[in-house]
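This report refers to the structure that appears directly beneath it.
The values are calculated or read from the model by the stated rules, or taken from the named source; none is laboratory data. The shown structure was predicted, so the numbers you read here are calculated from the model rather than taken from an experiment. Note that each Cβ is placed from the backbone with ideal geometry, even for glycine, and that neighbours are counted across all protein chains shown.
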Amino acid sequence: MLKTEARDLYKKKRLDLSATERIKLDDLLLIQLQTVQLPFITFLLSYWPIEQNHEPNTHLFTDYLEFQNPELIICYPKTNFEDHSMQSVQTDDDTRFRKNKYDLYEPEDGVVVNHAGMDMIFVPLLSFDKEGYRVGYGKGFYDRYLSQCRSDCLKIGFSYFEPLDAIDDTNEFDVPLNLCVTPTTVYVF
């Protein structure tokens, strides 16, 4: 399947889920994440789920990891739509988030953490395939960012749906996931 086809299909599939179904699926995603033996991490780049896109509730997963490691430093992305770049901004309980004109909640301010410092990144996606390649929203923010990270940085996606057999139009700029968590299993790539 081509990325544009997958993007359209999985946007619709997610929007068709009721709030009750999504709460149940988020709980199942968390249960699956809890089965994974994760390495010790210091820096996590998470993201604020876009409610109107029915994205998985990454706050559950971030809270779980923070409970497991109270010293965890959690960062959130700050995007530049002019050059499609992204920075990781360190956050804490006092960080204020603001919704930008693209409906993304971003930290208002904070210390920028170098991409080389990231140990784990939650990567947004609409769908993924059996090789770990994903279909995002099509702007390339994450692939650009991920290409600059250390090779041992753990890249994790969350999907309400099982993988496609293949995304037919991947290219050399696409960075695959290491893991993708679904309600029924954890795929390792």
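Please verify whether Glu71 is out of contact with any helix residue (DSSP H, G or I) (no Cβ under 9 Å at 6 or more places or on another chain), surrounded by fewer than 18 Cβ atoms within 10 Å (Cβ to Cβ) and closer than 18 Å to Val123 by Cα, treating the condition exactly as stated. When the stated conditions are applied, Glu71 does not pass them.
Could you look through segment 142-189, keep only residues that are among the charged types (D, E, K, R) and under 19 Å from Ile41 (Cβ atoms), and pick out the one that is modelled with the highest pLDDT? The extreme case among them is Lys155. Considering only segment 100-123, I want to know if a residue exists there that is touching a residue at least 24 places away in the same chain (Cβ under 8 Å), of a type in the set (Phe, Trp, Tyr) and assigned to a loop (DSSP other than H, G, I, E, B). No; the residues of segment 100-123 include none that is touching a residue at least 24 places away in the same chain (Cβ under 8 Å), of a type in the set (Phe, Trp, Tyr) and assigned to a loop (DSSP other than H, G, I, E, B).
Assessment of segment 83-99 against the conditions (among the aromatic types (Phe, Trp, Tyr), surrounded by fewer than 17 Cβ atoms within 10 Å (Cβ to Cβ), touching a strand residue (DSSP E or B) at 6+ places or on another chain (Cβ under 7 Å) and farther than 30 Å from Asp168 by Cβ) yields at least one matching residue. Filter segment 1-35 for residues that are assigned to a loop (DSSP other than H, G, I, E, B) and either in contact with a helix residue (DSSP H, G or I) (Cβ under 8 Å, 6 or more places away or on another chain) or in contact (Cβ under 8 Å) with a residue 24 or more places away in the chain (or both) and give the result. Within segment 1-35, Met1, Leu2, Leu17, Gln34, Thr35 meet the criteria. Picking from residues in segment 80-99 that are without any contact (Cβ under 8 Å) to a residue 12 or more places away in the chain and outside any loop (DSSP other than H, G, I, E, B), the one that is nearest to Leu17 (Cα to Cα) is Lys99.
Picking from residues in segment 131-168 that are small (Gly, Ala, Ser) and surrounded by 14 or more Cβ atoms within 10 Å (Cβ to Cβ), the one that is nearest to Leu17 (Cα to Cα) is Ser159. Scanning segment 137-164 for residues that are on the phi < 0 side of the Ramachandran plot, part of a loop (DSSP other than H, G, I, E, B) and in contact (Cβ under 8 Å) with a residue 60 or more places away in the chain yields Tyr137, Ser159, Tyr160, Phe161.
Please determine, by comparing only the residues of segment 83-117 that are of a type outside the set (D, E, K, R) and either closer than 19 Å to Glu5 by Cβ or touching a helix residue (DSSP H, G or I) at 6+ places or on another chain (Cβ under 9 Å) (or both), which one is modelled with the lowest pLDDT. Steps first, please.
Taking segment 83-117 first, the residues of a type outside the set (D, E, K, R) are 84-91, 95, 97, 100, 102, 104-105, 107, 110-117.
Remaining after also requiring either closer than 19 Å to Glu5 by Cβ or touching a helix residue (DSSP H, G or I) at 6+ places or on another chain (Cβ under 9 Å) (or both): 84-88, 115.
On the way: His84: 85, Ser85: 88, Met86: 93, Gln87: 95, Ser88: 96, His115: 89.
Among them, the one singled out is His84.
For segment 36-60, which residues satisfy the criterion of being in contact with a His (Cβ under 9 Å, 6 or more places away or on another chain) and in a strand (DSSP E or B)? First the steps, then the outcome.
Within segment 36-60, the first condition is being in contact with a His (Cβ under 9 Å, 6 or more places away or on another chain), and the residues that meet it are 45-46, 48-49.
Residue satisfying the conditions is Leu45 alone.
Scan segment 120-141 for residues that are more than 14 Å from the chain's Cα centre (by Cα) and modelled with pLDDT of 95 or more and the total you get is 3.
Does segment 70-79 include one or more residues that are in a strand (DSSP E or B) and in contact with a Lys or Arg (Cβ under 7 Å, 6 or more places away or on another chain)? The answer is no, given that none of the residues of segment 70-79 is in a strand (DSSP E or B) and in contact with a Lys or Arg (Cβ under 7 Å, 6 or more places away or on another chain).
In the set (1) assigned to a helix (DSSP H, G or I); (2) in contact with a helix residue (DSSP H, G or I) (Cβ under 6 Å, 6 or more places away or on another chain), Asp63 fails one condition alone, (2).
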